[in-house]
Amino acid sequence: MRSNLAYSAYSQNSASIESSEKLIKMLYEGILKFTAQAKRAVELNDTQKRVYWINRTTAIFAELINSLNYDGGNIAHYLSGLYTHQIKLLAESNIYNTTEQLDEVLNVTKELLSVWNEETAYEMAE
């Protein structure tokens, strides 16, 4: 049920999701948005909002983990480990009320989104 939270949040905001590629992009963008909100909450020492935004971000990573296709090769195993590590960083940020871990999540997700955009653009050009 929890893994469907991220999908539900975005499918409600988008009347028509054209493809799984667009959904992945939207999930990465959601991570960036929610992590930035969590970082702001840490800076403002707002515990309630920090927990809320970190939980939302964690739900998206859980959805991404659950959507991996392990029949496709080693990339799914790599991404599973990477996503799991991001969840660990989010938990640490939540426990210690620090932004360093959130900065790492933001940086990694920006890179993932950049690579994802390049790959989908390449596939569309073929």
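Every read-out reported here was derived from the displayed coordinates using simple, explicitly stated rules and does not represent laboratory data. Model, not experiment: these values are computed from the prediction. Cβ coordinates were reconstructed from backbone atoms using ideal geometry, including for glycine residues, and neighbour counts include every protein chain displayed.
Using 0.36 nm per residue of separation minus the Cα-Cα distance, give me the extension gain between Ser114 and Glu29 in nm, one decimal.
29.5 nm is the gain from fully extending Ser114 to Glu29.
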Notebook entry, point to check: Is there a pair in Lys25/Lys49; Lys49/Lys110; Lys33/Lys88; Lys22/Lys88; Lys25/Lys88 whose C-alpha atoms are over 20 Å apart, and which pairs would that be?
Noted result: Lys25/Lys49; Lys49/Lys110; Lys22/Lys88; Lys25/Lys88
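Tell me whether the stretch 14-126 comes out rounded, prolate or oblate; compute the Cα gyration tensor, take square roots of the eigenvalues as a ≥ b ≥ c, and use a/c under 1.5 as the rounded threshold. Before the final figure, lay out the partial values.
Details: a/c = 2.19, a/b = 1.76, b/c = 1.24.
Judged from the Cα gyration tensor, the stretch 14-126 comes out prolate (a/c at least 1.5, a/b above b/c).
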Next item on the list: For Ser67 and Asn97, calculate 0.36 nm times their separation in residues minus their Cα-Cα distance, and state this gained length in nm to one decimal.
Entry: 7.8 nm
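Where does the charge balance sit around Leu113 when Lys and Arg score +1, Asp and Glu -1, over other residues with C-beta under 9 Å from its C-beta?
Working: positive: Lys25, Lys110; negative: Glu29, Glu111.
In short, 0.
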